[in-house]
Amino acid sequence: MDVLMLSRLQFAFATFIHFIFVPLTLGLSLIVAVMETKYVRTGDETYKRMAKFWGKLFLINFALGVVTGITLEFQFGTNWSRYSEFVGDIFGSLLAIEATAAFFLESTFIAVWVFGWEKLSPKLHAVCIWLVAFAANLSALWILLANGFMQHPVGYVIRNGRAELSSFLEVVTNPYGWNEFFHTVTGAWALGGFFVVGVSSIHLLRKSNVDFFTKSFRVGAAFALIFSIVVALVGHRQGNIVAEVQPAKLAAMESHWETQKNAPMYLLAVPDPANEGNSIQIGRIPSILSLMAFNDPSAEVKGLKDFPKEDRPPVTLTFSAFRLMVGLGTLMLVLAVLAFIARHHPAESSPKLLKAFIWTIPVPYIALQAGWAVAEVGRQPWIVYGIMRTRDAVSTLAVEQVAISLVAFFVVYILLAALDIFLLAKYARKDPA
């Protein structure tokens, strides 16, 4: 393997592991804030205990996630220095704002929240966790606006061989970045709901702390249903934006090869990039691709054959990841409906249903990871869409240097992920007391 492939593998692996932590942090921060607010409003001590129990799981996940996030950013300077040099004016400013305006706010008020239970009034203490939730999601916003620039660059000029900021307002109002933000965070909020439902189901199967975990289940089920619906709606809008600004990605997502109006979609297709087509196409639905992409059944959808081969994304991986994301998203919606129906008396539900909620905790994680594979793999061969290719962004390094760092990242990140899963599983099974 060359330096480019090793660097891509390293960044992909580090991002994959980091994103195990991120969505649960975003989801649980909001859920804990809702639980503590219900305690302040009702005076019900159960909600206070719920905020502490789920807050402990949030803290475990947040602490380990911070480590993976900080080391991930180092790679922009080590492995991708030519990229950093090219877009540093834009990308660097967004990450700097994320660190100073969001991460420090989040870290500060987490400490106040952890140590302030007996020192602050209930209302003021609840404000702290809301500030934590706000800052966590604000942090996601700045990072996704940075990624939105990579997906759909705006507000820049090319000067002296570099992309320089010409309009900060255009960058921070980039519709691609904002829709990407809402698609990601609503998926994370849904994941938080499924996590709470799944962990609550463990205790409800044991018939332990039934009132505590029934109330937890109820909150989680509401989050899971509401945001499973919202993430699907926002995802449709994201597809519209992709069709407009990244037509090659859309064509790869659907393995669509011929430019045509009234473009169909197939229930079953198997991409065959070598022969520029699909080896299997079953279940043709006329005009549905045009309708989904442009909200117009007669719209023209550009096919992959209209793009030079060097400008086409990896079709099979993009196509498969998109199908996996959509399929698991549909499953999430079905499970969320079942959880919402059972929310009042979940302990009386079928043991098989409760076990299903436990075993499907990984489902939203996999769906989110598949979604990011679509976003990032589907953008290739560009690191900044249309203006810088990935091969031109990598640092000048020896293969041995990158190979060593890849192994180091692999070992450290696997250990951190394993530790996170171990601690979450250990404390999630404990009695809330």
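Descriptive notes on the structure:
- Check: the chain dipole with +1 on Lys, Arg Cβ and -1 on Asp, Glu Cβ, in debye: 1440 debye
- Considering only alpha-carbon pairs that sit under 8 angstrom and 6 or more positions apart, the relative contact order computed for region 299-408 is 37 percent.
- Estimated [θ] at 222 nm from DSSP helical runs (n ≥ 4, -39500 (n - 2.57)) normalised by residues in the chain, nearest 500: -23500 deg cm²/dmol
- Three principal axis extents of region 374-417 based on alpha-carbon atoms, in descending order, are 36, 27, 9 Å.
- Rg/Rh (Cα only; Kirkwood hydrodynamic radius) as it applies to region 284-433: 1.09
- Think of a 1.4 Å ball rolled over the protein heavy atoms: region 47-191 then has 41 Å² of accessible area per residue.
- Distant-in-sequence amide H partners of W382 (H built 1.01 Å from N, under 5 Å): T390
- Gyration tensor (Cα) of region 123-261, equivalent ellipsoid semi-axes in angstrom: 38, 23, 10
- When region 42-124 is reduced to its Cα atoms, the Kirkwood hydrodynamic radius in Å: 15.6 Å
- Alpha-carbon gyration tensor eigenvalues x 5, square-rooted, for region 1-142, Å: 36, 16, 10
- Close amide-amide hydrogen proximity is noted between Q260 and V301, G303, each under 5 Å apart and 5 or more residues distant or on a separate chain (H modeled in the peptide plane; Pro and chain starts excluded).
- Ranked by solvent-accessible area (1.4 Å probe, protein heavy atoms only, all chains present), the residues T396, T316 order from largest to smallest as T396, T316.
- Measuring between their Cα centroids, region 69-89 and region 106-169 lie 19 Å from each other.
- Heavy atoms of T42: accessible area, 1.4 Å probe, square angstrom to 10: 90 Å²
- What separates the Cα centres of region 257-278 and region 401-433 is a distance of 40 Å.
- Enclosing the Cα atoms of region 253-363 in their convex hull gives a volume equal to 134 cubic angstrom per residue.
- Working note: Karplus 6.51/-1.76/1.60 with θ = phi - 60° gives region 361-373 the couplings 3, x, 4, x, 4, 5, 4, 5, 5, 5, x, 5, 5 Hz, where Gly and Pro are set to x.
- Histogram of C-alpha separations across region 99-189, 10 Å bin width, %: 17, 33, 27, 16, 7, 1
- Among K207, K119, K426, K48, the sequence by solvent-accessible area, most first, with a 1.4 Å probe is K119, K207, K426, K48.
- Computed from Cα positions, the angle between helix 175-206 and the longest principal axis of the chain comes to roughly 40 degrees.
- Rounded if a/c under 1.5, otherwise prolate or oblate - region 288-338, Cα gyration tensor axes: oblate
- Per residue, the convex hull spanned by the Cα atoms of region 245-318 amounts to 76 cubic angstrom.
- Split the accessible area of the chain by element, probe 1.4 Å, and carbon with sulfur accounts for 68%.
- Cα-only radius of gyration and Dmax that characterise the chain, units Å: 22.7, 69
- Share of pairwise Cα separations in region 180-321, more than 28 Å, in percent: 38 percent
The values are calculated or read from the model by the stated rules, or taken from the named source; none is laboratory data. Worth saying up front: this structure is predicted, and the values here are computed from it rather than measured. Note that we place each Cβ from the backbone using ideal geometry, even for glycine, and neighbour counts take in every protein chain shown. What goes into the accessible areas is simple: the full protein's heavy atoms, side chains included, and nothing from ligands, DNA or RNA. Shrake-Rupley method; radii C 1.70, N 1.55, O 1.52, S 1.80 Å.
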